[in-house]
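Q: Mind looking over this structure? Questions follow.
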Amino acid sequence: MEREPRPILQVSETAKILVAGQAPGNLAMESGRPFTDPSGDRLRDWLQMGEATFYDPAKVAIVPMGFCFPGYDKNGGDIPPMKRCAKTWHAALFEKLPQIELKILIGGYAQKWHIGDQTEMTLTATVQKWRSFLDQGVVVTPHPSWRNNAWLKRNPWFETELLPELQKRVQSLLS
């Protein structure tokens, strides 16, 4: 059954932090709010940010690459976001977000759109060079999905090195 379009994003001209992800999940489509699932819980934990702050559009913009849940593939994974959302809306939308000082790029789709040819062949390689993006006001992360638990175990530096820097930058923009 095809769903009616229901774009899920959060924006304000005053937001200083951008969370750029892939596309809303099924639970977000049901709730009408981005990251209303266990991935969102993990992401807010990574950011050391409560729900009230995370869902305050004056502070945090949340703009996925695709604005609607794309559906599932035959293996039960999410289908990639529809490219036409970014092609049609992102440039004009980001022009209206002049205060963004920190872009948190979650996953390969957001990273490829926002930092383009600075991405590496793999998500891991891109995230491993996270320090090289800091001067641009960019932090790259994997998706906070449970599907990445094995990745997080193989890459403990993410939690011990990258997350403290991300948290420090988030807190400085919120204070």
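The values are calculated or read from the model by the stated rules, or taken from the named source; none is laboratory data. What you see is a predicted model; the values in this text were computed from it and never measured. FYI the Cβ positions are ideal-geometry reconstructions off the backbone, even for glycines, and counts take in every protein chain you see.
Q: Return only the number of the condition from (1) of a type outside the set (S, T, N, Q); (2) touching a Pro at 6+ places or on another chain (Cβ under 8 Å); (3) farther than 23 Å from Leu9 by Cα that Asp78 does not satisfy.
A: (3)
Q: Could you count how many residues in segment 135-175 are surrounded by 14 or more Cβ atoms within 10 Å (Cβ to Cβ) and part of a helix (DSSP H, G or I)?
A: 12
Q: Does Leu102 count as within 15 Å of the chain's Cα centre (by Cα), over 17 Å from Pro7 (Cβ atoms) and touching a residue at least 40 places away in the same chain (Cβ under 8 Å)?
A: Taking the combined requirement at face value, the residue satisfies it.
Q: Still on this structure: For the list (1) of a type outside the set (Gly, Ala, Ser); (2) crowded, with 18+ Cβ neighbours inside 10 Å; (3) touching a strand residue (DSSP E or B) at 6+ places or on another chain (Cβ under 8 Å), I need the number of the one condition that Asp37 fails.
A: (3)
Q: Which of the numbered conditions does Ser175 fail, given that it passes all the others? Conditions: (1) closer than 20 Å to Phe67 by Cα; (2) modelled with pLDDT under 95.
A: The number of the failed condition is (1).
Q: Given the structure, is His114 surrounded by 15 or more Cβ atoms within 10 Å (Cβ to Cβ), touching a residue at least 12 places away in the same chain (Cβ under 8 Å) and out of contact with any helix residue (DSSP H, G or I) (no Cβ under 7 Å at 6 or more places or on another chain)?
A: Yes.
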